[in-house]
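Inspection log for the structure reproduced underneath, given as structure tokens.
The values are calculated or read from the model by the stated rules, or taken from the named source; none is laboratory data. This is a predicted model, so every value here is computed, not measured. Because the Cβ atoms are built from the backbone with ideal geometry, glycine has one as well, and the counts that use them run over all protein chains shown.
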Amino acid sequence: MNGPSDDPASERPADRDAPNILVAEARWHMASAVLAAMILTILLPPEVRLGPRWLIPSLEGVLLIVLIAGDPGAISKRSSVLRGVSIGLVAVLIAQALLSTARLIDDLINGGPHTNSPGLLLAAASIVWLSNNIAFGLLYWELDDGGAAARAHHLPDHPDLAFPQQLNPNIAPPNWRPRFIDFLYLAFTNATAFSPTDAMPLVPWAKITMAVQASISLALLGLVVARAVNVLT
């Protein structure tokens, strides 16, 4: 009679990890996302942007440089200082995205210089929507299971976000880890389907964050479509 350990389907990726194994994620994935968010911030209309055009991108650039200098190449260094800097960078991105969303929604309701033109409205809304998805993707990436550096060393038996490869290890390669692209995909699908389609949230912070992102996306898309139809007619 076979015991539980004889069933491959019962194993988790974390159970198959050899002691002290290191599976680090390349830094350039998240760095590219931050650079994209910086460019989107520069492209925002002044009415929905926080401060001067250069302010937020410059702050994000400085924090990104500190992270790259402290842990270049692959993300594997477990440091409270670097984690604090990384959380600070994500917090700035989230704050900029949420403020831009709030200002755009206010302009949609009360009227603004770019909300009376369908082209300008759709351009501004697209930038805000994309910025939100990148920011929330980075937020999921940073908070899930203690962040990328912690995941590089070990996946917990009880994850914050359960990806298909964790629910069914038979479809995952040995020592699989969620990478930034997985969290970015989660953010985009949550913003369009308004519900989990890829990873399942298992802890309160993940459920609350996904609910907030879905609500923001629903409100933004609904108001933009309504305003665009009103302008066109």
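Let's see how each residue does on (1) hydroxyl-bearing (Ser, Thr, Tyr); (2) within 24 Å of residue 26 (Cα to Cα):
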| residue | (1), (2) |
| --- | --- |
| 152 | no, yes |
| 166 | no, yes |
| 176 | no, yes |
| 189 | yes, yes |
| 193 | no, no |
| 201 | no, no |
| 208 | no, no |
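In the stretch 120-162, what count of residues is obtained for those that are over 18 Å from residue 219 (Cβ atoms), modelled with pLDDT of 90 or more and of a type in the set (Gly, Ala, Ser)?
Residues in the stretch 120-162 being over 18 Å from residue 219 (Cβ atoms), modelled with pLDDT of 90 or more and of a type in the set (Gly, Ala, Ser): 2 in total.
Here are some conditions: (1) of a type outside the set (Ser, Thr, Tyr); (2) outside any helix (DSSP H, G or I); (3) within 15 Å of residue 27 (Cα to Cα). Residue 85 meets all but one. Which one does it not meet?
Among (1) of a type outside the set (Ser, Thr, Tyr); (2) outside any helix (DSSP H, G or I); (3) within 15 Å of residue 27 (Cα to Cα), residue 85 violates only (2).
Results for (1) modelled with pLDDT of 80 or more; (2) part of a loop (DSSP other than H, G, I, E, B), shown as yes or no for each residue.
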| site | (1), (2) |
| --- | --- |
| 9 | no, no |
| 39 | yes, no |
| 52 | yes, yes |
| 58 | yes, no |
| 63 | yes, no |
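Since residue 197 meets every condition but one in (1) under 24 Å from residue 94 (Cβ atoms); (2) not in a loop (DSSP other than H, G, I, E, B), which condition does it not meet?
Unmet for residue 197, out of (1) under 24 Å from residue 94 (Cβ atoms); (2) not in a loop (DSSP other than H, G, I, E, B): (2).
Looking at residue 190, is it modelled with pLDDT of 90 or more and assigned to a helix (DSSP H, G or I)?
yes
Take residue 226 and decide whether it is assigned to a helix (DSSP H, G or I) and within 15 Å of the chain's Cα centre (by Cα).
no
Collect the residues in the stretch 200-221 that are surrounded by 20 or more Cβ atoms within 10 Å (Cβ to Cβ) and without any contact (Cβ under 8 Å) to a residue 40 or more places away in the chain, keeping them in residue-number order.
The answer is 210, and nothing else.
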